[in-house]
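Written below as structure tokens is the structure these notes are about.
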Protein chains: 2
Amino acid sequence: MDDAGRGGGLALLTDLYQLTMAQAYWHHRVDGRATFSLFVRRLPEERGYLVAAGLEDVLRYLEGLRFTSGDLEYLESTGIFDPAFLEYLATVRFTGEVWAVPEGRIVFAQEPLLEVTGPILEAQLAETYIINQVQLQTLIATKAARCVWAAKGRGVVDFSLRRTHGTDAGLKVARCSYLAGFDGTSNVLAGKVYGIPIAGTMAHSFVMAFPSELEAFRAFAQSFPERCVLLIDTYDTVEGARVAAQVAREMEAHGSRLRGVRIDSGDLLELSRQVRRVLDEAGLDYVRIVASGGLDEYQIEELTEAGAPIDSFGVGTRMGVSADAPWLDMAYKLVSYEGRPALKLSQGKASLPGEKQVYRFYDNEGLIREDVLALRDEHVPGGEPLLQKVMEGGRVLGQYPSLEELRQRFRDEFRRLPEAYKALRPSASYPVRESAALEELGRRLAREVTAHQRQLGES
Amino acid sequence: MDDAGRGGGLALLTDLYQLTMAQAYWHHRVDGRATFSLFVRRLPEERGYLVAAGLEDVLRYLEGLRFTSGDLEYLESTGIFDPAFLEYLATVRFTGEVWAVPEGRIVFAQEPLLEVTGPILEAQLAETYIINQVQLQTLIATKAARCVWAAKGRGVVDFSLRRTHGTDAGLKVARCSYLAGFDGTSNVLAGKVYGIPIAGTMAHSFVMAFPSELEAFRAFAQSFPERCVLLIDTYDTVEGARVAAQVAREMEAHGSRLRGVRIDSGDLLELSRQVRRVLDEAGLDYVRIVASGGLDEYQIEELTEAGAPIDSFGVGTRMGVSADAPWLDMAYKLVSYEGRPALKLSQGKASLPGEKQVYRFYDNEGLIREDVLALRDEHVPGGEPLLQKVMEGGRVLGQYPSLEELRQRFRDEFRRLPEAYKALRPSASYPVRESAALEELGRRLAREVTAHQRQLGES
């Protein structure tokens, strides 16, 4: 497999400016401790929440961060760098600490997903990979959670590998959709790497490679008597259902049972009803119906609300690229340097200063009610702190949780999210409040920076 | 680096059904030669053309395709497969042939980007990876070509790595945007792997890590006297331009020149004009203005049409995820089996039968006028055939063209595309006609299949 996200060999997978800044820091002995905060500025319009994901890959990357001799040779060949700096770069490791919201927990706009503290050169270098992974994985975990919610207890399986943006995305989409409650993935490598249950049956080409649909179905049933799902829409779906029913009865004669049929095109509501009727009339009420073909949470919701007799959904492209919102406005911003809080004022991109903690409050029924964004060393009574220290001195603290544990954590977490925020078109925006101390700090720094700039402008 | 797309280790990066079908083929001795055709069913609404890309990765994958003992152990552990089939799978290599449109050429809906012929098991197995790579790379090359067109001769640089969907996408986006005319990338690993020029300067955090903007700018200029671009919008953009001008004059005193300033937020048209004025009034007409921050082809077009004094655009997220159209409706369909053309009738997903060739016709000025989709062995006089045989017996024919050659090919090709199809909101749809023979074949097969199904339904 590729080593993306498994630490090592990824040091050059960064924006050039991380390295030019690093050289300037090194030349000028700017080596104070800095804290960077990773957060989403605004949620996409049709998102009521985000599911935090991607932390494990970030921590493995930080543990393995180093420049190989091949990396350094390449950098030297560009003529951009001071050879003495490259010698120094060969020795660089990540030695800092990380606070983070555990994967599988729900977060909202402006809340730090993680904060990285270390010598500024190290903490800065890691920016590109950290955003690259946490953006993608949080995006997909969130999209997938919406699909699971819309399916209202029916199964959902990841079929997206062919349309994910490349191979790394294919793996991460399988991981994050499973974390968010999918039942499995068609991605075999993801099954091997992450232990996710794998699923899949046949394509239209299989049916077409035999002289008739009947012969194709029989051949498949003979090869997989215990896990046979037949694709019935290659020529005519209802006809295909009748042929599948015939094969199912033949399977019964051999002591096995057809597991399901799959419909991959057309009007899924109408077709699933007709197919259910064909199966039921043949006494095959145990045969399940799987639907796929351009599905996302919106279409799943329509189908489940209309009572379509579909048992399980195969979800591909639109989930795998998060088609209605293919990116998050995620930023990694300097919030503290050498113990003093830092602030950026760029139009529309202002950031909140200081190392932070998020405190979560629950109502009497155990549902989440409000989050308070506070300074990390501030005491906010009654709130549950979301960020935990997960790395210290460049070493991970404790064990990585298993993917099953993350999945369970998300399931528990999602139960505590009020329905208003779960809706595909959320009717309310979850309240995230700034603590008085944080607000006051922001105001004070903005005044100071503006005064400082004015002074420079007049000088 | 990861080995994605460099052949080897990717055999399991496939949908499970490719392997279950393979076992059923093997059990039933279905081993005839099959041809699969890869094409885009419909262009996204705001696309007038596509730029073919991704072929090199496909060919390297096919050359390296094999299941490792670890792969086979995993497959055995799933309990899905017949151990004898897995023994056979260990021996599987791709032994077939590939016809393809060369990378960098322009294609349209329904036209095969490539056709794979081989024993059905081999040609089927490769589907998932082939779509995964060609979909992404064609998507991005097309999006990037639109950005370059909108920039009307100004520079365009890829800044997307942090928001691409994972690490593989980060590399492929850099590759394909360069192929389509970008000047370079911020992605250092892409520089190393593909030899693409790398670009980048500083982030806001750099400015914030110094006591003042002036000190930050001075430090950077000292470290990079020959390639200094200063980010001027951390606090106040016009103020930042004045500070940059001061540093530029100090640089002149040391015999070097400030290369540029970058604006990353706010109203880029208005700010670029004010910044240009500040620079010109300071006698710094040689200092270039780089703009970035949420740009795509639509905003670039607005800025260039308004005459914004911007010399170069840094394009990130929206290009790197093809935000307005994050996927292509791409399919890999069986079109021929054992010498007989194959056809699928699924609603809305019908495919054209037979191995094909695309013939392109030009007008008197050398602009492309019309494409004819024909059967591969059909003679269409006067047309230029687009698909070439690039692999035979599982071996690549000839050398891989360099990325510079692909870039040049695209540049030449794009000149021959009429303006109507280049527009960001194309006013016309390029004519792709089916040859009479292809049309007749499609009609005949549809009749036959329907009759066959009717017969089965009545039996």
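All of the numbers you see were taken from the coordinates with simple rules; none came from a lab. Here the structure is a predicted model, which is why all the values come from computation and not from measurement. Reconstructed Cβ throughout: ideal geometry from the backbone, glycine too, with neighbour counts over all protein chains shown.
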Subject >> Net charge of Cβ neighbours under 14 Å - reference B:F67; Lys, Arg +1; Asp, Glu -1 >> reply: -2
Subject >> Fully extended contour minus Cα-Cα distance, from B:T450 to B:S212, at 0.36 nm per residue >> reply: 78.0 nm
**OP:** Would you work out the relative contact order for the range B:210-360, in percent, from Cα pairs under 8 angstrom that are 6 or more residues apart?
**Re:** 16
**OP:** Return the FRET efficiency for the residue pair B:E404, B:E46: r is the Cβ-Cβ distance, R0 is 25 Å, and the value is rounded to the nearest 0.05.
**Re:** 0.25
**OP:** Starting from the Kirkwood radius over alpha-carbon pairs of the protein assembly as shown, derive D by Stokes-Einstein at 37 °C in a medium of 0.692 mPa s and give it in µm² s⁻¹.
**Re:** 113
Original post:
Which one of B:Y74, B:A437, B:F210 has its Cα pushed farthest toward the positive end of the charge dipole of chain B, where Lys and Arg give +1 and Asp and Glu give -1 at the Cβ?
Top reply: B:A437
Original post:
In deg cm²/dmol and to the nearest 500, what is the mean residue ellipticity at 222 nm of the protein assembly as shown if only DSSP H runs of at least 4 residues count, each as -39500 (n - 2.57), divided by the residue total?
Top reply: -12500 deg cm²/dmol
Subject >> Peptides A:121-128, B:132-139, A:334-341 ordered by average Cβ neighbours within 10 Å, highest first >> reply: B:132-139, A:121-128, A:334-341
Original post:
Taking N as the number of residues in the range A:200-291, what value does Rg over Cα atoms divided by 2.2 N^0.38 Å take?
Top reply: 0.95
Original post:
Sorted by packing (mean other beta-carbon atoms within 10 Å per residue), highest first, where do B:201-212, B:282-293 land?
Top reply: B:201-212, B:282-293
Original post:
Between B:Y298 and B:L397, what is the label-to-label distance in nm when each label sits 7 Å out along the Cα-to-Cβ direction?
Top reply: 4.3
**OP:** Give the calculated FRET efficiency between A:E87 and B:D280 to the nearest 0.05, with a Förster radius of 30 Å applied to their Cβ-Cβ distance.
**Re:** 0.10
Original post:
Can you put B:F313, B:F224 in order, fewest other beta carbons within 10 Å first?
Top reply: B:F224, B:F313
**OP:** Could you line up B:S402, A:S177, A:S256 from fewest to most neighbouring Cβ atoms inside 10 Å?
**Re:** B:S402, A:S256, A:S177
**OP:** Name the residue farthest towards the positive end of the dipole of chain A from the options A:A24, A:I130, A:Y88, assuming +1 on Cβ of Lys and Arg, -1 on Cβ of Asp and Glu, about the Cα centre.
**Re:** A:I130
Subject >> Sites A:R249 and A:E73, calculated FRET efficiency, Cβ-Cβ separation with R0 51 Å, nearest 0.05 >> reply: 0.15
**OP:** For chain A, calculate the relative contact order in percent as a whole number, restricting contacts to Cα pairs under 8 Å that are 6 or more residues apart.
**Re:** 20
**OP:** Find the relative contact order for the range A:200-291 and round it to a whole percent, using C-alpha pairs within less than 8 Å whose residues are 6+ positions apart.
**Re:** 27
Subject >> Taking B:L230, B:L89 and counting other C-beta atoms within 10 Å, the order from fewest to most >> reply: B:L89, B:L230
Subject >> On Cα atoms only, tilt of B:55-64 relative to the major axis of chain B in degrees >> reply: 60
Original post:
Over what distance in Å are the Cα centres of the range A:365-389 and the range B:262-316 separated?
Top reply: 42
Original post:
Under a plain spin-label model, where a point goes 7 Å from the Cα along Cα-to-Cβ, how far apart in nm are A:A306 and B:E63?
Top reply: 4.9
Original post:
What does the average come to when, for each residue of peptide A:444-450, you count the partner chain Cβ atoms lying within 10 Å of its Cβ?
Top reply: 1
Subject >> Within 10 Å of each Cβ in B:27-34, the average number of Cβ atoms from other chains >> reply: 3
Original post:
Once the Cα gyration tensor of chain B is diagonalised, what are the square roots of 5 times its eigenvalues, in whole Å and ordered largest first, as equivalent ellipsoid semi-axes?
Top reply: 49, 26, 17
**OP:** Treat every Asp and Glu Cβ in chain A as -1 and every Lys and Arg Cβ as +1, leave all other atoms uncharged, and give the resulting dipole magnitude about the Cα centre to the nearest 20 debye.
**Re:** 420
Subject >> Taking the C-alpha atoms of the range B:141-320, convex hull volume expressed per residue in Å³ >> reply: 110
Subject >> Loop sites in the range A:24-91: trypsin sites (Lys or Arg not before Pro), DSSP, at most 11 other Cβ within 10 Å >> reply: A:R29, A:R42
Subject >> DSSP-loop trypsin sites (Lys or Arg not before Pro) across the range B:99-172, with at most 12 other Cβ within 10 angstrom >> reply: B:K152
Original post:
Using alpha carbons only, what's the Rg to Rh ratio of the range B:58-166 with Rh from Kirkwood?
Top reply: 1.11
Subject >> DSSP bridge orientation in the protein assembly as shown - percent antiparallel, rounded to nearest 5 >> reply: 65
Original post:
What average count of beta carbons from other chains do you get within 10 Å of the Cβ of residues in B:192-199?
Top reply: 3
